[in-house]
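Single-structure report; data block below.
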Amino acid sequence: MEKHFEIEDAFIAEQNLKARAEVAEDYEHLAKRLHRKNVDIENLTAKAQALQVAIPSWGVGTGGTRFARFPQQGEPRDVYEKLEDCATVFKLVRSTPSVSLHIPWDKPDDPATLRRFARERGLHFDAMNSNTFQDQDDQELSYKFGSLTHPDAAVRRQAVEHNIECIEIGKVLGSKALTVWIADGGNFPGQFHPRRALERYLESMHVIYKALPDNWRVFLEHKLYEPAFYSTVINDWGTSYYCARELGSKAACLVDLGHHAPNVNIEMIVARLIQLGKLAGFHFNDSKYGDDDLDAGSIKPFQLFLIFNELVDAELSAVPHFDPCYMLDQSHNVTDPIESLMVSASELVRAYVQAHLVDRQALTEAQEKCDPLMALATLKEAFTADVTPIVAVARERMGGAIDPVATYRASGYRKQKAAERGAVAASLTGIV
Ligand code: LRH
Ligand code: MN
């Protein structure tokens, strides 16, 4: 089999040599500062090493919009090449050992072979994603007017069967969850009956739920709008929560950060879903206006920190059944997807470490004493702490790169892949 270029561990170690002295000095300095506050830097570095984030398979290709997609050299052409690129992200940042597949975009001819290919690269599979928001060439009935909530029972059945097929493929791959996001909705007032549509959604989801193995979970992903531009059936966390509760203990609510109206307080939704025991996890990304799928922490880093503040508060107070899945869901239209995924994964680790820096005793005191200024100051103190040395040392201790982007660029990986994978297949628009 022809050899595919990979970044060698020795090359990473060599690049780390150049950066080690500086990061060690910064780490020492930060350790002293934290020690003054009775904080042991080693606990935080251990936390940084513990956080794991799943990579979306569709995130290693160049994304696009309805206007255009500007593919780049060396794009992955199939699920195996996507896994090669996911493995490269994992090799350099060490916090992304799992990949979330999308079916049929990543439908493997032989799931067992794909599982082996992934395992040989230190990867395993996270939640499977079904797709009833596009019509496939060999599909009998169209999803133009909906899928799990379509007025025609035959279309609903087709969509249910597709989700069950995703579970069957996932079982062979070792996945333990199915994420269901449906685009069902309308562009015009009156186009669909909201109550009947929700009944049909639950009727369909109950069939999918019954097909779940005992140790699996199903994640319901709500979204305010797009592609439906007037009303969406599963449009907010309340509707998602109601459905997850109706379905049963294996169902929970997945929060995609871009699926809310501008300025919605997402950290409050997270706190609610934690309290209600129905937080499935996240599709992390960032946005300025709509579901922009921009890099996590690139637009609203304080919001990302506040979300992790709720997650760490729950972790430290041992909330029962608190086991959220962390995934990225981004569309990289103008950057090298591998670079964006590495930076985004590290931004999640940064926010997680900063959230562990919050003086929770001081925060609780300020809250109980109705001292808003001190409460905010306590959070801001953690958010403004530069924990870059901790995030870098955590990566290095796990065999990764102190500076992933610099190491990746120095490796010439993209150029090598351009040579291996040949000319880019032109594609006009769309996210993949
Ligand atoms: C919908 C969504 C969903 C995926 C898709 C790629 O906007 O967030 O999670 O199926 O993006
Ligand atoms: Mn999503």
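The values are calculated or read from the model by the stated rules, or taken from the named source; none is laboratory data. Note that this is a predicted model, so its numbers are computed, not measured. Cβ atoms come from the backbone with ideal geometry, glycine included; neighbour counts cover every protein chain shown. Remember, those area values only see protein heavy atoms, side chains included, never the ligands or the DNA or RNA. Shrake-Rupley method; radii C 1.70, N 1.55, O 1.52, S 1.80 Å.
One table, with the values for the structure above:
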quantity	calculated
Tabulated pairs, the stretch 100-119, first basic (Lys, Arg), second assigned to a helix (DSSP H, G or I), C-beta under 6 angstrom, 6+ apart or interchain	Arg115/Leu173
Filter pass, Ala392 being in contact (Cβ under 8 Å) with a residue 60 or more places away in the chain and either on the phi < 0 side of the Ramachandran plot or touching a Pro at 6+ places or on another chain (Cβ under 8 Å) (or both)	yes
Any hit, the stretch 260-268, residues being within 14 Å of ligand 2 (Cβ to nearest atom) and open to solvent by 10 Å² or more (accessible area, probe 1.4 Å)	yes
Residue satisfying condition, being farther than 23 Å from Gly64 by Cα, crowded, with 21+ Cβ neighbours inside 10 Å and within 16 Å of ligand 1 (Cβ to nearest atom), within set Leu254, Leu311, Leu273	Leu254
Pick from the stretch 134-160, criterion in contact with a helix residue (DSSP H, G or I) (Cβ under 9 Å, 6 or more places away or on another chain) and assigned to a helix (DSSP H, G or I), ranking: surrounded by the fewest Cβ atoms within 10 Å (Cβ to Cβ)	Ala153
Condition met for Arg196 (loosely packed, with under 14 Cβ neighbours inside 10 Å, more than 16 Å from ligand 1 (Cβ to nearest atom), over 23 Å from the mean Cα position of the chain (by Cα) and not small (Gly, Ala, Ser))	yes
Single residue of the stretch 72-88 satisfying the filter (of a type in the set (A, V, I, L, M, F, W, C) and either over 14 Å from the mean Cα position of the chain (by Cα) or part of a loop (DSSP other than H, G, I, E, B) (or both)) that is farthest from ligand 2 (Cβ to nearest atom)	Ala87
Any chance Asp295 is charged (D, E, K, R) and closer than 23 Å to Phe67 by Cβ	yes
Filter result (in a helix (DSSP H, G or I) and among the basic types (Lys, Arg)) within the stretch 351-404	Arg360, Lys380, Arg395, Arg397
Residue in the stretch 154-162 that is out of contact with any Asp or Glu (no Cβ under 7 Å at 6 or more places or on another chain) and over 18 Å from Ile103 (Cα atoms) present	yes
Counted residues, the stretch 288-314 - those being touching a residue at least 40 places away in the same chain (Cβ under 8 Å), among the aliphatic types (A, V, I, L, M) and in a loop (DSSP other than H, G, I, E, B)	1
In the stretch 276-287, residue farthest from ligand 1 (Cβ to nearest atom) [restricted to those that are within 16 Å of Glu347 (Cβ to Cβ) and assigned to a loop (DSSP other than H, G, I, E, B)]	Ser287
Subset of the stretch 269-298 (residues that are away from ligand 2 (no atom under 16 Å from the Cβ) and of a type in the set (Ser, Thr, Tyr))	Tyr289, Ser298
Whichever residue in the stretch 99-133 is part of a strand (DSSP E or B) and within 16 Å of ligand 2 (Cβ to nearest atom) and, among such residues, is nearest to Glu168 (Cα to Cα)	Met128
Selection count, the stretch 205-230, where residues are of a type in the set (Asp, Glu) and either away from ligand 1 (no atom under 16 Å from the Cβ) or under 18 Å from the mean Cα position of the chain (by Cα) (or both)	2
Complete set of residues in the stretch 73-98 that are surrounded by fewer than 16 Cβ atoms within 10 Å (Cβ to Cβ) and more than 23 Å from Ile169 (Cα to Cα)	Gln73
Qualifying position, being among the aliphatic types (A, V, I, L, M) and touching an Asp or Glu at 6+ places or on another chain (Cβ under 7 Å), among Val312, Val349, Val343	Val343
Selection within the stretch 176-199 - of a type in the set (Lys, Arg) and touching a Leu at 6+ places or on another chain (Cβ under 7 Å)	none
Tally of residues being assigned to a strand (DSSP E or B) and more than 16 Å from His259 (Cβ to Cβ) across the stretch 327-336	1
